[in-house]
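Take a look at the structure set out below.
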């Protein structure tokens, strides 16, 4: 009897352990070859923690009082349109809302569902209704510390019906559950609510990592990365293509950009309009066209090593350390060589602190402008140009 009880208890313990492991293991919606971010943390803690503060991580988040930067307190929660029309940012126990009023009477409202952007420059917001995402009419503009009319929206009235396609999520998230159908001749996308992997996560750039994570969990003594693409082994074009997926402007996809893996050719995924001539690239906007501007630069054309990663660490936040970027320039343009700056207006020591400000200046965007409440003219978002040249 005791032997039978012992066997039964042992069996139950084993079952509980197995079931607890099953319960604790989430299936990645992208498929069995993906491991999920948490699997990266134990071996790559420094990069993991740095990434958690990056703009990539905050490319999208759930909209709540922690992620939305603007005020919900009067009078700072109001955006004014002509004709006694206002939009108020409001909150209650059910969530956050943008509500349009005319002559004080509520007309239409949209619930904050998704926050787009960390807010270093601005944030915009999405609502979800009947399996579709819509951009809300009011964004937050960090430059003026207030609410502003969303880019491209009418300045005369609030507009709640701008559909957000899956292509937007392909650069602001790591996965979204969307199905495509046709209603007559019209292509219709339908999203599953809350089935979004917010932000740009590890495997979005590094590729599927389940086999890699499983191998190194079993073989912790193996320090050479196995079963994953090592970006340093890719060609220069393959490396910049990884960034150009999202930093080459609006594109016409031939297949889902969510399928892009490191080492793939971007030209296999999109129409080749991003492969413009150098002169055409110089007309590209500072917002979103970093690939075109960089590759049009003489520094890029005459180097066989310069890539996005030469200056940028995709994991870390180093944008405030301007001298670190200057030092990258100085690694090629060393003082006391014929490659150093020929400007005689400043001494060499001062020139070494101005490389980026002089040759990659901050410029206003021509395509991203926001209209703050009470203003007559929109204000351009400003970004640093990636066209490296002598500016006069």
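All of the numbers you see were taken from the coordinates with simple rules; none came from a lab. What you are looking at is a predicted structure, and each value in this text was computed from that prediction instead of being measured. Virtual Cβ from ideal backbone geometry, glycine too; neighbours counted across all protein chains shown.
List of remarks:
- Cα gyration tensor shape of segment 28-167, rounded if a/c is under 1.5, else prolate or oblate by comparing a/b with b/c: prolate
- Estimated distance in nm for a label pair at residue 105 and residue 328, the labels positioned 7 Å out from Cα along Cα-to-Cβ: 5.7 nm
- Pairwise Cα distances in segment 276-392 exceed 26 Å in 27 percent of cases.
- Rounded Å value of the spacing that divides the Cα centres of segment 286-325 and segment 145-223: 25 Å
- Global form of the chain, assessed from the alpha-carbon gyration tensor, a/c cut-off 1.5: oblate
- Semi-axes of the equivalent ellipsoid of segment 136-205 are 26, 21, 9 Å, computed as sqrt(5λ) over the eigenvalues of the C-alpha gyration tensor in descending order.
- Sorting 219-226, 82-89, 101-108 by average packing, meaning the other beta carbons within 10 Å per residue, from highest down gives 82-89, 101-108, 219-226.
- Extension gain for residue 224 to residue 71 (0.36 nm times residue separation, less C-alpha to C-alpha distance): 50.2 nm.
- Segment 93-162 shape via C-alpha gyration tensor axes, a/c threshold 1.5: oblate
- Per-peptide average of other Cβ atoms within 10 Å, ordering 343-350, 367-374 highest first: 367-374, 343-350
- Neighbour counts of other Cβ atoms within 10 Å put 234, 293 in the fewest-to-most order 234, 293.
- Based on C-alpha pairs under 8 angstrom that are at least 6 apart in sequence, the chain has a relative contact order of 14 percent.
- When you work out D = kT/(6 pi eta Rh) for segment 125-268 at 10 °C and 1.306 mPa s, using the Kirkwood radius from C-alpha pairs as Rh and the Stokes-Einstein form, the result is 87 µm²/s.
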